[in-house]
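Worksheet: the structure to be examined is printed underneath.
The values are calculated or read from the model by the stated rules, or taken from the named source; none is laboratory data. Fair warning: this is a prediction, and the values are worked out from it, not measured in the lab. Positions of Cβ are generated from backbone atoms using ideal geometry, with glycine treated the same way; all protein chains shown enter the neighbour counts. The accessibility values were calculated without ligands, DNA or RNA, using every heavy atom of the protein model including side chains. Shrake-Rupley method; radii C 1.70, N 1.55, O 1.52, S 1.80 Å.
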Amino acid sequence: MSTLSNHVPDPRLITAFAERRDSPVHRLNPWTKLGVLALLVLLVTVADSLAVLLGVYGVTLATYALATLPLRRLFAWYSLPFLFIVSVGVPIAFLEPGTPIGGAVATPLGELSVTWAGALLVAELTTRSLVVVTFSLTLSMTTAYNDVAYLLGRLLPRPLDQIALLTYRFTFVMLELLEDLVKAARSRGANLGEFWANKRLYARILGMTMLAAIERSERLVKSMEARGYDGDITLYGDVTRPPARDLTVLTVLSVGIIVYALVGPYDVVALPVGLRGVGL
């Protein structure tokens, strides 16, 4: 939302990049990109090495850049996942047993210190989150709305697909209402820079947004019903099956991740020594 904050992804900007830009990533089959996202989630879940996670993140970031998407906005949008990482990672960094980094901090509950093991876990959690967030944004910013709607209609059962489509479309209405209220508050001299000093104003803006959104939604439902809406948004788009080349790549990646998940927890360097012991 460019008018509200540069740290929150704007659905209108995301849709504009998906509809108006062209790149090799834009031309990929949507089913292929969705399959890669699923494999990435699986890979970052089973990966137990920071080096592997950093390598996956580098490839994901390179894919984002190949799609000619704005890197500066991406780093600003990282604010939301970092809030989650800080809320979860700080306790991990202090509570994970191991060798402490520096001195301990005295607290009423005792001495606390950040350990090397805790810092490593936080780094792994951060990298996992950034990989999924980056490729999710890449997928949404390189796939046209009709294709996204088609995928939702094929993947989600009814009525979840209709709820998802209507929620996405109504997001733009909510953004317009919220931006109008923010502009009205600023035109009357309101300073929205400090949250705690203006918490009552923020609460009023949020309350007015919800009330106006409910009224707008009722009018939208009546207008849709007047145009024949019966609980089904007809999708005229069609996403073809991935080509054989894409299916081959996805199969190879799937096999590689499965092999890594099976072999990764073991010491692959010591494995040949054990094999020699049985005569191999």
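Within the range 128-170, restricting attention to residues that are open to solvent by 40 Å² or more (accessible area, probe 1.4 Å) and among the aromatic types (Phe, Trp, Tyr), which residue is modelled with the highest pLDDT?
Result: 145.
Mind listing whichever residues of the range 124-177 are among the small types (Gly, Ala, Ser), without any contact (Cβ under 8 Å) to a residue 60 or more places away in the chain and under 25 Å from residue 86 (Cα atoms)?
Across the range 124-177, the qualifying residue is only 129.
Consider residue 56 against the criteria (1) open to solvent by 30 Å² or more (accessible area, probe 1.4 Å); (2) closer than 27 Å to residue 155 by Cα: it satisfies all of them except one. Which criterion is unmet?
(1)
Within the range 199-228, can you find the residues that are open to solvent by less than 70 Å² (accessible area, probe 1.4 Å) and either on the phi > 0 side of the Ramachandran plot or aromatic (Phe, Trp, Tyr) (or both)?
Listed by number, the list holds a single entry, 228.
Quick one: which residue in 176, 124 is within 21 Å of residue 42 (Cβ to Cβ) and either assigned to a helix (DSSP H, G or I) or among the basic types (Lys, Arg) (or both)?
Only one candidate qualifies: 124.
Residues to consider are 278, 259, 173, 255; find the one that is at pLDDT below 80, more than 29 Å from residue 144 (Cα to Cα) and out of contact with any Asp or Glu (no Cβ under 7 Å at 6 or more places or on another chain).
Sole residue among the options that is at pLDDT below 80, more than 29 Å from residue 144 (Cα to Cα) and out of contact with any Asp or Glu (no Cβ under 7 Å at 6 or more places or on another chain): 278.
Give me the pairs, please: first residue somewhere in the range 211-237 and under 27 Å from residue 151 (Cα atoms), second residue anywhere and open to solvent by less than 60 Å² (accessible area, probe 1.4 Å) and at pLDDT below 75, beta-carbon distance under 7 Å, and either six or more positions apart or on two chains.
If the second residue must be open to solvent by less than 60 Å² (accessible area, probe 1.4 Å) and at pLDDT below 75, no pairs are left.
Out of everything in the range 5-48 that is open to solvent by less than 40 Å² (accessible area, probe 1.4 Å), in a loop (DSSP other than H, G, I, E, B) and of a type in the set (S, T, N, Q), what residue ends up being farthest from residue 182 (Cα to Cα)?
Looking at residues that are open to solvent by less than 40 Å² (accessible area, probe 1.4 Å), in a loop (DSSP other than H, G, I, E, B) and of a type in the set (S, T, N, Q), I get 29.
Only one residue in 79, 113 is under 21 Å from residue 141 (Cβ atoms) and small (Gly, Ala, Ser), so which one is that?
Sole residue among the options that is under 21 Å from residue 141 (Cβ atoms) and small (Gly, Ala, Ser): 79.
Which pairs do you get when a residue that is under 12 Å from residue 134 (Cβ atoms) and acidic (Asp, Glu), found in the range 40-61, comes within reach of a residue that is open to solvent by 60 Å² or more (accessible area, probe 1.4 Å) and modelled with pLDDT of 90 or more, reach meaning Cβ atoms under 7 angstrom, with the pair 6+ apart or on two chains?
Close Cβ pairs satisfying both conditions: none exist.
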